[in-house]
Amino acid sequence: MTTSQRTLSIIKPDATRRNITGQINQRFESQGLRIVAQKKIRLSLAEAEKFYAIHKERPFFKDLCAFMCSGPIVVQVLEGDNAVLLNRQIMGATNPANADEGTIRKDFAESIEANSVHGSDSEESAHSEIQLFFSELEIVG
Ligand code: IDP
Ligand code: MG
């Protein structure tokens with residue numbers, strides 16, 4: 001059974017810096033995800049801390065938030081069948097050393113922190129993460 005879903009994706013500062021947002025978007029589009037909202041923004045430290053609040057006790061939290069503010073990011077809503085899981089597969093494992101061949105993180109990530117993309121990990125987090133960045137009027141399916 002297939003279910004159309006939406007998920008939040010972020011192209012992180014390491015990727016915008018290297019001018020590879022188009023190459024990353026090509027991975028989504030060629031594998032069945034549609035970009036139904038997209039904008040380039042720069043996060044404040046407070047916004048990065050809010051977005052990654054779930055990780056606030058982790059040792060890498062401070063560095064991660066500083067990294068996410070270090071340059072522009074592209075936030076986007078991806079839509080398609082099983083979009084949450086499909087996007088996680090297209091992204092690959094958090095640590096590029098463990099990522100499968102042909103995934104975005106395997107091919108583009110610089111490190112476990114600067115790993116080029118974020119993708120929601122469940123339908124619930126997709127819903128709240130999309131609301132954090134987009135109004136319904138900005139999402140055009
Ligand atoms: P995910 O992005 O694959 O869902 P999470 O465990 O949710 O991975 O971690 C969020 C982000 O925090 C990762 O994408 C990565 O940028 C960073 N991160 C995760 N683990 C580490 C680590 O051990 N060292 C440094 N940064 C990390
Ligand atoms: Mg995560």
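Every number here is computed from the coordinates shown, using simple stated rules; none is lab data. Because the structure is a prediction, the values reported are computed rather than measured. For neighbour counting, all protein chains shown are included, and Cβ atoms are generated from backbone atoms with ideal geometry for every residue, glycine included.
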For the modelled label position 7 Å from the Cα of ILE112 along Cα-to-Cβ, which residues of region 30-65 have backbone nitrogen atoms closer than 11 Å? 59-60
Residue by residue through region 124-141, what is 3J(HN,Hα) from phi via Karplus (6.51 cos²θ - 1.76 cosθ + 1.60, θ = phi - 60°)? Round to whole Hz and write x for glycine and proline. 5, 5, 4, 4, 6, 5, 5, 4, 5, 10, 10, 8, 4, 5, 8, 9, 10, x
Could I have the simple spin-label model distance between ASP121 and ASN95, label points 7 Å from Cα toward Cβ, reported in nm to one decimal? 1.5 nm
Can you tell me which of 25-32, 53-60 comes out highest on packing, and rank the rest after it, using the mean Cβ neighbours within 10 Å? 25-32, 53-60
Distance from region 123-141 to region 1-60 (C-alpha centre basis), Å: 12 Å
For region 35-41, in residue order, the Karplus 3J(HN,Hα) values (coefficients 6.51, -1.76, 1.60; θ = phi - 60°; whole Hz; Gly and Pro = x) are 8, 9, 7, 6, 8, 9, 9
Determine the principal axes of the Cα atoms in the chain, then give the extent along each, sorted from largest to smallest and rounded to whole angstroms. 40, 35, 28
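What percentage of all Cα-Cα pairs in region 76-129 are separated by more than 13 Å? Kindly include the intermediate steps, with their values, before the conclusion.
On the way: 783 of 1431 pairs.
In whole percent, the share of Cα-Cα pairs in region 76-129 beyond 13 Å is 55.
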Can you list the residues, at least 5 places off or on another chain, whose amide H is less than 5 Å from the amide H of ASP81, using H built in the peptide plane? GLN5
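Quick one: compute a quarter of the convex hull surface over the Cα atoms of region 1-61 and quote it in nm².
Details: hull surface 24.5 nm².
Here the figure is 6.1 nm², rounded to one decimal.
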If amide H atoms are modeled at 1.01 Å from N in the peptide plane, then the residues at a separation of 5 or more from VAL117, or on another chain, having amide H under 5 Å from its own are LYS12
Residue order, fewest to most beta carbons within 10 Å, for LEU8, LEU132, LEU86: LEU132, LEU86, LEU8
